[in-house]
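Nothing in this text is a laboratory measurement; each read-out follows from the coordinates by a stated rule. What you see is a predicted model; the values in this text were computed from it and never measured. Methodologically, a virtual Cβ is constructed for each residue, glycine included, from the backbone with ideal geometry; neighbour enumeration extends over all protein chains shown.
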Amino acid sequence: MIKVANICCIGAGYVGGPTMAVIADRCPKIDVNVVDIDEERIKKWNDKDLKNLPVYEPGLAEIIERCRNVNLHFSNSIKEKIHDADMVFISVNTPTKKKGLGAGKASDLRWVEESARQVAKFSSGHTIVVEKSTLPVRTAEVIQSILRSSEEDNELNGISFNVLSNPEFLAEGTAIKDLENPDRVLIGGDNLEAMNALHAIYSRWVSKEKILFTNIWSSELAKLTANAFLAQRISSINSIAAMCEATGADVREVSRAIGTDSRIGSKFLDSGPGFGGSCFKKDILNLVYLAEYFGLNEVANFWESVVNLNNWHQNRISKLVVKKLFGTVTGKKIVVLGFAFKANTNDTRESAAIQICKDLMDEGAEIWIHDPKVNKLQIEKDLNIGKIYNRDSEENKPINKNGRWQFSKNFDIFDNAHAVLMLTEWDEYKNIDWEGISKRMVNPSWVFDARSIVDPIKVKKANLNLWRVGDGTSK
Ligand code: NAD
Ligand code: UGA
């Protein structure tokens, strides 16, 4: 049995940070080192004030407090930590390629390749290399061939490797819960000894029947497939939301009705502003690219339609806001509640809010954004319009071609607003005092609830017009 006493994780991001924190917490005898090329990010992981951690996840700060500088370390010492490790997790970003072959669909594997080269160069003795990043099927082959050439060069020094696939299924906002109590842990590989070594780590807190062994290609494909199926459910229910609005049905009732069928199940049937997050779109497009590569065009078209529907749905929401506000939002103040792609995370990657805000600003709206965890700098980056300033304004507000935006950490933003648009389902948005707010908004004004979180009776009682996603009952 290979004994693992020292782990190195390359990549201190949304996956590397929380995953290693839970491993360190559950395996006090293992020394866990998370390394990254990004010095700022590592500084934040080491910040004494736990509010400054680079990733917000409920329960994460408590684990960091318990384990940091005990058996969990964050550093930029990539060479040293790889050298000392018995097991190296590769947990780096794998975004969609922006240019070159496969641009717009294929995954950009340059960070994975670089990580494999670092492992090949710096490791010592026998190292188990674990793919934690989400990767196209057969990426392990690339990693293996980079490592194999190092094995050949270092035969005399006794350097050797095994490669395993161990995709991560955590969702942001519930990462710690998902890691501590996963539905399953998937270990793909062809070397039983190495697979057992990883099994021994997880079995410290995950029951054995939840740890599945597969071949390495099934493991890689299962990760892409899981995300594709989940995203497909959201596009399916969002397509039905549009049908509900057209027919007088209510998508919440339809979801409940179909979700009680045990074959369908009740999860992932909430219609919203369209799925966001760093992975669904990129992983489906990656699947599409692979299907095209293998000449399976019908398969590619099928999965691409899930992304197309999502784009259409986001666009539908901004158009609808304009239409309801008498066909124009030019110069009108719209309060956007929520910028994160879902609640309980500070992550905005691919958030529906980005496209919707941009569309509304293109129409000339003045957007006031609130989010309890996302900071202004991040929004500035996402909207990509922070550098153009309105010279006439004393506050130097950033402006778009026509519209402009403001960010507020507090709730004092409703004065003279024409509409409130709810895009993230944060708990604090669930009990808003609509009566009080309504008095400060212009008359008539609207609440657009893309997350079904408001109480319709209270909103209507406050004399506000209400649109809820998939609600055809108010036609
Ligand atoms: P991220 O961008 O938050 O973090 C990746 C980190 O890797 C960055 O800090 C980057 O600086 C670092 N990095 C890149 N190249 C490096 C190198 N050569 N050496 C050292 N550090 C390097 O990404 P993430 O959200 O953590 O996702 C990582 C992978 O996990 C992706 O493949 C993603 O698809 C997958 N995944 C993500 C989630 C999620 O919820 N975010 C869930 C499951 C799987
Ligand atoms: C998703 C998967 O759920 C994880 O299993 C996977 O590990 C991860 O992607 C990944 O590979 O990155 P995540 O994107 O963090 O996790 O969050 P989800 O809860 O899946 O939500 C994704 C998007 O779908 C969010 O914008 C969310 O608001 C939306 N959503 C989700 C809905 O609109 N309706 C739902 O019913 C559920």
Subject >> Lys, Arg +1 and Asp, Glu -1 on Cβ, resulting dipole of the range 253-387 about Cα centre, debye, nearest 20 >> reply: 440 debye
Original post:
Roughly what angle does helix 216-247 make with the longest principal axis of the chain, taking Cα atoms, 0 to 90 degrees, to the nearest 10?
Top reply: 10 degrees
**OP:** Please report Rg over Rh for the range 6-214, where both radii come from the alpha carbon positions and Rh follows the Kirkwood definition.
**Re:** 0.95
Subject >> Sequence-separation-based contact order of the range 240-338, relative, with Cα cut under 8 Å and 6+ spacing, percent >> reply: 17 percent
Original post:
To the nearest 500 deg cm²/dmol, what mean residue ellipticity at 222 nm is calculated for the chain from DSSP H runs of n ≥ 4 alone, each contributing -39,500 (n - 2.57), summed and divided by the residues?
Top reply: -12500 deg cm²/dmol
Original post:
Roughly how many whole Å is it from the C-alpha centroid of the range 229-293 to that of the range 1-62?
Top reply: 33 Å
**OP:** Label the range 309-468 by shape, choosing from rounded, prolate and oblate, from the square roots a ≥ b ≥ c of the eigenvalues of the Cα gyration tensor; if a/c is under 1.5 it is rounded, and otherwise prolate applies when a/b is larger than b/c, oblate when it is not.
**Re:** rounded
Original post:
Amide H to amide H under 5 Å from residue 34: which residues, 5+ apart in sequence or cross-chain, H placed 1.01 Å off N in plane?
Top reply: 9, 73, 74, 75
Original post:
For the range 428-435, in order, what is each residue's ³J(HN,Hα) by Karplus, 6.51 cos²θ - 1.76 cosθ + 1.60 with θ = phi - 60°, in whole Hz (x at glycine and Pro)?
Top reply: 5, 8, 7, 10, 6, 7, 5, 4
Subject >> Dipole magnitude (debye, nearest 20) for the chain, charges at Cβ of Lys, Arg, Asp, Glu >> reply: 1180 debye
Subject >> ³J(HN,Hα) computed for each position of the range 44-61 - Karplus, 6.51 cos²θ - 1.76 cosθ + 1.60, integer Hz, glycine/proline x >> reply: 5, 5, 9, 5, 5, 7, 5, 6, 9, 4, x, 10, 9, 8, x, x, 5, 4
Subject >> Local net charge near residue 350, Cβ-Cβ under 10 Å (Lys/Arg +1, Asp/Glu -1) >> reply: +1
**OP:** Provide the percentage of antiparallel DSSP beta bridges, counting only those with both residues in the range 309-468; round to the nearest 5.
**Re:** 10 percent
**OP:** Could you please rank 3, 332, placing first whichever residue has the fewest other Cβ atoms within 10 Å of its Cβ?
**Re:** 3, 332
Original post:
In Å and whole numbers, how far do the C-alpha atoms of the range 186-245 stretch along each principal axis, longest first?
Top reply: 55, 25, 13
Original post:
Using modelled backbone amide H atoms (1.01 Å from N, in-plane), which distant-in-sequence or interchain residues come within less than 5 Å of residue 162's amide H?
Top reply: 127, 128, 129
Original post:
Name the trypsin sites (Lys or Arg not before Pro) in the range 193-274 that are in a loop by DSSP and that have at most 16 other C-beta atoms within 10 Å, would you?
Top reply: 204, 263, 267
Original post:
Can you give me the relative contact order of the chain as a percent, contacts being Cα pairs under 8 Å and 6 or more apart?
Top reply: 12 percent
**OP:** Arrange the following residues from fewest to most other Cβ atoms within 10 Å of their Cβ: 83, 370.
**Re:** 83, 370
Subject >> Other-chain or far-sequence residues with amide H under 5 Å of residue 466's (modelled H) >> reply: 447
**OP:** Compare the Cα positions of 219, 453, 290 along the charge dipole of the chain (+1 at Cβ of Lys, Arg; -1 at Cβ of Asp, Glu; about the Cα centre) and return the one farthest towards the positive end.
**Re:** 453
Original post:
Across the chain, where is the longest run that never hits chymotrypsin sites (Phe, Trp or Tyr not before Pro) in a DSSP loop with at most 11 other C-beta atoms within 10 Å?
Top reply: 1-293
**OP:** Determine which lysines satisfy two conditions relative to residue 51: a Cα distance under 26 Å, and not lying fewer than 8 residues away in the same chain.
**Re:** 43, 177, 342, 373, 376, 381, 409, 430
Subject >> the chain - share of DSSP beta bridges that are antiparallel (%, nearest 5) >> reply: 10 percent
**OP:** Normalising by the residue count of the range 25-182, find the relative contact order in percent from Cα pairs under 8 Å and 6+ residues apart.
**Re:** 22 percent
Original post:
Based on the Kirkwood radius over alpha-carbon pairs, what is the Stokes-Einstein translational diffusion coefficient of the chain at 25 °C with 0.890 mPa s viscosity, in µm²/s?
Top reply: 102 µm²/s
**OP:** Please get the size of the charge dipole for the range 130-179, origin at its Cα centre, with Cβ charges of +1 on Lys and Arg and -1 on Asp and Glu, quoted in debye to the nearest 20.
**Re:** 200 debye
Subject >> Vicinal HN-Hα couplings computed from phi for the range 18-25 (Karplus, 6.51 cos²θ - 1.76 cosθ + 1.60; Hz; Gly/Pro x) >> reply: x, 5, 5, 4, 5, 4, 4, 5
